[in-house]
Amino acid sequence: MNSRELRDVASKVPAVTLVFWIIKIAATTLGETGGDTVTMTLNWGYLAGTLLFLSALLVLVALQIAAKKFHPWLYWATIIASTTAGTTMADFADRSLGIGYAGGATLLFAGLLAVLGLWYRTQGSISVETVNTPKIEAFYWAAITVSQTLGTALGDWMADTSGLGYAGGALVFAAALAVLVGLYFWTKVSHVFLFWAAFILTRPLGATVGDFLDKPQNAGGLAFSRPLASAILAIFIIACILILPQRAGTHPGQPDAA
């Protein structure tokens with residue numbers, strides 16, 4: 001086994017490939033429909049839903065940090081937990097706290113900058129390729145959770161206040177992601193910056209697609225029930241994990257004999 005293969009085995013996060021983004025978008029969409037199923041359909045409310053999903057997230061993050069290698073099922077379960085928690089936290093900030101979409105998005109953007117800034121200040125990098133210690137993993141999952149929450153607030157803001165509706169909002173975020181892809185392939189813009197920008201934007205894309213699936217037809221949606229939409233998305237994600245190849249990402253600087 002060569003040195004790169006040895007580094008791959010030691011990694012606990014997936015390589016950032018097209019497969020990663022396909023599952024990520026599906027997971028964020030499931031986070032929207034799943035979170036709304038608990039808070040709205042089951043009528044738990046935003047605070048109780050947030051506590052439920054945050055508890056699940058903390059358990060899964062602890063398991064992810066304790067794991068010795070990359071486990072696709074554990075990793076994506078943690079991502080889904082972060083996106084459902086993000087959905088309920090954003091809704092709690094926007095609606096229950098009464099600060100609105102603009103206030104919620106601003107507060108969450110400041111929180112994300114604070115997490116990334118502290119991560120960079122203490123570690124010298126916010127690249128996902130450096131996620132190889134428990135401390136950096138904690139920063140990684142904190143940044144992911146806040147970015148998921150910010151993305152939810154942005155998606156709701158776009159869909160509900162811009163006049164574009166859910167389908168229009170999804171097209172706007174899809175176009176923004178296409179711009180990031182162009183910057184990735186044809187410019188020298190930092191790939192670290194582009195990763196986090198794409199990670200944030202895939203969340204509102206998922207939020208608007210999720211709303212498009214489960215909102216009433218007179219509100220611009222397809223009127224699927226939230227549990228049905230969630231079940232369809234969960235089956236799709238399971239199929240992707242089973243069928244599409246995934247490998248652990250590399251960690252530059254890890255010992256070859258890890």
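The slack between A102 and T122, meaning 0.36 nm per residue of separation minus the straight C-alpha distance, is 4.2 nm. Here the extension length gained between K135 and W186 equals 15.0 nm, from 0.36 nm per residue of separation less the Cα-Cα distance.
Arranged from fewest to most other beta-carbon atoms within 10 Å of their beta carbon, K135, K68, K24, K215 become K68, K135, K215, K24.
Over the range 3-243, one equal point on each Cα, no solvent: what is log10 I(q)/I(0) by the Debye formula at q = 0.07 Å⁻¹? One equal scatterer on each Cα of the range 3-243 leads to -0.21.
3J(HN,Hα) couplings calculated from phi for the range 37-42 with the Karplus curve 6.51 cos²θ - 1.76 cosθ + 1.60 (θ = phi - 60°) are, in sequence order, 4, 6, 6, 9, 5, 7 Hz; Gly and Pro show x.
Between helix 46-66 and the chain there is an angle of about 10 degrees, using the helix long axis and the longest principal axis of the Cα atoms. Proximity of backbone amide H atoms, modeled 1.01 Å from N, is registered between A248 and A15 at under 5 Å, excluding neighbours fewer than 5 places apart on the same chain. Can you give the angle from 0 to 90° between the axis of helix 191-214 and the longest principal axis of the chain, with both taken from C-alpha atoms, to the nearest 10? Once rounded, the angle reads 30 degrees.
To the nearest ten degrees, helix 165-186 and the longest principal axis of the Cα atoms of the chain are 20 degrees apart. Net charge around S230, counting only other residues with Cβ within less than 10 Å of its Cβ (Lys, Arg = +1; Asp, Glu = -1)? Value of the local net charge: -2. Within a straight-line Cα-Cα reach of under 27 Å, K135 can be paired with the following lysines, leaving aside sequence neighbours fewer than 8 residues apart in one chain: K12, K24, K68, K69. For the chain, the mean residue ellipticity at 222 nm estimated from helices alone is -24500 deg cm²/dmol, where every DSSP H run of n ≥ 4 contributes -39500 (n - 2.57) and the total is divided by all residues, rounded to the nearest 500. With the simple model of a label 7 Å out from the Cα in the direction of the Cβ, L222 to L51 spans 3.5 nm. Positive contributions from Lys and Arg (+1) and negative ones from Asp and Glu (-1), summed over other residues with Cβ under 14 Å from the Cβ of T122, come out at +1.
Computed from the coordinates by the stated procedures, all read-outs in this text should not be read as laboratory data. A quick note: this is a predicted structure, and the numbers were derived from the prediction, not measured. No Cβ is skipped: glycine too gets one built from the backbone with ideal geometry, and neighbour counts run over all protein chains shown.
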